[in-house]
1. Given the conditions (1) under 27 Å from Asn260 (Cα atoms); (2) open to solvent by less than 40 Å² (accessible area, probe 1.4 Å); (3) assigned to a helix (DSSP H, G or I), and given that Met394 satisfies all but one, which numbered condition is not satisfied?
2. Quick one: is Ser212 out of contact with any Leu (no Cβ under 8 Å at 6 or more places or on another chain), under 21 Å from Arg138 (Cβ atoms), of a type outside the set (Lys, Arg) and assigned to a helix (DSSP H, G or I)?
3. Please go through the range 440-475 and pick out each residue that is of a type in the set (Gly, Ala, Ser) and more than 33 Å from the chain's Cα centre (by Cα).
4. Filter the range 445-493 down to the residues that are open to solvent by less than 60 Å² (accessible area, probe 1.4 Å), closer than 22 Å to Ala509 by Cα and among the charged types (D, E, K, R) and list them by number.
5. Filter the range 93-124 for residues that are of a type in the set (Lys, Arg) and either closer than 16 Å to Met173 by Cβ or open to solvent by less than 10 Å² (accessible area, probe 1.4 Å) (or both) and give the result.
6. Might you let me know whether the range 407-420 holds any residue that is free of Cβ contacts under 8 Å to residues at least 12 places away in the same chain, more than 18 Å from Ala458 (Cα to Cα) and surrounded by fewer than 17 Cβ atoms within 10 Å (Cβ to Cβ)?
7. Here's a check for you: in the range 235-250, which residue that is in a helix (DSSP H, G or I) and surrounded by fewer than 17 Cβ atoms within 10 Å (Cβ to Cβ) is nearest to the chain's Cα centre (by Cα)?
Amino acid sequence: MDDISPLDLFREELTTDDIATKVNCIHRLRTVATAMGPESTRSQLLPYLKKLTSEDDEVLFALSEELGKLRDLVGGSHFTHLLLEPLETLACIEETMVRDKAVEAVCLIAEQLPESAVQDTLVPIIFRLASGEWFTSRVSAAGMFGAAYPKAGPLKSQLRAIFAQLCAEDTPMVRRAAANKLGDFALRVEKEYLISDLLPVFKNLTQDDQDSIRVVCVESAVRLAPLFSIEENKTHLLPVLVRAAEEKSSWRVRLAVAKNFDKLAEALGQALTAISLLSPYVNLLADTEPDVRSAAVNCLSQSVKVLSMEQLQQQVFPAFQALAKDGSQMVRSAFAQSLPDIALTVGRDLTSRFLMNYVLELMRDENHEVRFNIVSKLGRFADLVGSDFLNATMLTNIQHLAEDPQWRVRLSVLEQIPGLAKSVGTEVFQSKLEPLFMAGLSDNVYSVRVSAIDELKALADVFGPQWTTSHLLPRVVEHFYKDQSYLHRMTSVLALPVLASSLSSDDIAQSMLPVLLRAAKDPVPNIRFVVAKTIIKLIPCLDATVLNSQIRPCLNEMQQDSDRDVVYYARQAAQLC
């Protein structure tokens with residue numbers, strides 16, 4: 001057994017018919033190469049790996065992935081090019097995922113190759129793949145140009161020429177792959193050749209008869225725009241983007257513009273965006289396709305950052321009325337999600353004047369997702385608008401949402417109340433919001449009750465220990481004594497340790513212990529063992545006198561309980577006293 005080489009063990013494991021075993025074996029390729037050493041890896045392991053190209057796609061995918069990780073195990077950068085030969089074969093495989101992973105590995109290896117290896121090995125591989133009989137090899141070649149170009153030296157002009165040929169291919173899959181990689185390639189091409197060689201290719205692709213290729217061109221434009229000056233963008237890119245945004249024959253092209261508008265606006269700058277792109281973008285907000293409108297709305301929160309307040313008021317804000325009433329729930333939901341971020345960007349004055357009416361309208365939306373999206377961000381509006389936020393209309397809406405049939409909406413309202421309380425102050429909170437919050441402790445849904453418990457600590461932090469002791473704790477205690485449901489009584493008990501961190505030891509002994517001692521005798525076992533668990537949390541907060549006079553007798557009695565869970569937690573608590 002000691003005489004068996006790592007390669008023999010590797011080969012033997014690959015003879016199995018189980019694909020999962022083979023994949024796991026391939027993923028141990030680094031271990032095998034490390035054990036064999038650089039010289040044996042080059043002379044024995046790599047030649048063997050070249051013979052595995054007939055394996056299942058899952059195995060070949062793993063092989064493509066692992067070959068890229070062997071860069072430091074073949075004996076240095078002068079031998080790294082040896083990994084390219086098996087990857088060239090894998091880049092021609094029919095399965096797309098295998099090819100993509102092989103191209104990714106080639107690009108990783110190219111980073112460590114010296115210029116001579118790139119020119120002698122990698123560039124010829126690209127030429128062979130680009131002239132391959134099957135489209136699969138030509139698709140893979142398109143992804144390698146960017147990795148090879150910086151070190152291609154005198155072969156750069158040939159690379160640009162062959163890339164242009166791929167962009168004009170008869171096969172749509174090849175043109176799409178080249179268009180998809182054009183942005184990456186452009187980042188590495190010198191400015192003069194970018195304008196003279198690649199830009200004409202890009203313009204031709206933007207008028208391709210395949211809409212999937214025109215879609216990719218919009219995404220490539222995001223990469224190209226930062227490479228040009230303002231005048232060059234105005235001359236070369238803007239006409240292409242405006243045409244794409246107004247395209248009638250394919251909504252997918254318009255969708256690509258809508259999805260990337262914020263990136264395009266940032267790359268082109270405020271001036272060019274206002275002159276040529278803003279009007280098409282506003283039209284996208286009113287597009288006939290809901291997907292396009294939704295994508296345009298999703299970009300709003302970032303897009304408003306590159307627009308002036310005048311542009312927003314005159315061109316963008318007028319479109320909001322239609323969005324708030326849009327027939328598509330998806331669009332209204334996206335609008336509700338974007339509004340808080342828009343408000344933070346435009347500030348208090350414009351929010352109060354233009355946006356708050358839409359907030360109120362979306363809070364009354366018939367779809368619960370829309371209501372949830374706007375309610376979950378109410379705290380942001382309250383922080384921004386201040387004391388004017390909680391007017392009569394807003395309060396009525398919040399009250400209705402606190403009783404919403406969808407529990408996620410009710411939970412979201414509860415989560416926002418501490419933030420609202422901070423904005424409106426003690427008096428307004430106690431008169432208008434506190435009843436809504438206390439109702440959450442009695443909600444029929446467990447998650448809502450737990451959320452109410454969690455938010456108690458946030459409320460205590462907002463208004464301070466004195467208010468917590470004099471006002472909030474008595475309300476929780478009152479909730480325990482009044483509620484007939486054992487689930488709601490349990491909620492009150494669970495709330496006590498949450499508030500304990502805001503109280504003194506004397507306050508805990510005077511206000512909380514009477515509730516716990518009474519709950520310890522509750523007829524429902526679930527409440528009794530929750531009491532025992534609560535005592536465990538409160539023991540560090542109580543002094544020895546209270547522990548000996550009140551807690552120990554209670555725990556001694558609970559250790560005689562008929563319910564074994566109560567007994568278990570009572571014993572745990574007794575050990576801590």
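The values are calculated or read from the model by the stated rules, or taken from the named source; none is laboratory data. Note that this is a predicted model, so its numbers are computed, not measured. Using ideal geometry, Cβ is built from the backbone for each residue, glycine included, and neighbour counts are taken over all protein chains shown. Surface areas here come from the heavy atoms of the whole protein model, side chains and all, with no ligands, DNA or RNA. Shrake-Rupley method; radii C 1.70, N 1.55, O 1.52, S 1.80 Å.
1. With respect to (1) under 27 Å from Asn260 (Cα atoms); (2) open to solvent by less than 40 Å² (accessible area, probe 1.4 Å); (3) assigned to a helix (DSSP H, G or I), Met394 is out only on (1).
2. Criteria met by Ser212.
3. Of the residues in the range 440-475, the ones of a type in the set (Gly, Ala, Ser) are 440, 442, 447, 451-452, 458, 460, 464, 470.
Scanning the range 440-475 gives Ser442, Gly464, Ser470.
4. Arg489 - this is the single residue of the range 445-493 that is open to solvent by less than 60 Å² (accessible area, probe 1.4 Å), closer than 22 Å to Ala509 by Cα and among the charged types (D, E, K, R).
5. Going residue by residue through the range 93-124, those that are of a type in the set (Lys, Arg) are 99, 101.
The answer is Arg99, and nothing else.
6. Among the residues of the range 407-420, not one is free of Cβ contacts under 8 Å to residues at least 12 places away in the same chain, more than 18 Å from Ala458 (Cα to Cα) and surrounded by fewer than 17 Cβ atoms within 10 Å (Cβ to Cβ), which makes the answer no.
7. Top of the filtered list is Val242.
Per-residue answers, yes or no, for (1) surrounded by fewer than 20 Cβ atoms within 10 Å (Cβ to Cβ); (2) among the aliphatic types (A, V, I, L, M):
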| position | (1), (2) |
| --- | --- |
| Ile126 | no, yes |
| Phe163 | no, no |
| Phe185 | no, no |
| Lys191 | yes, no |
| Ser196 | yes, no |
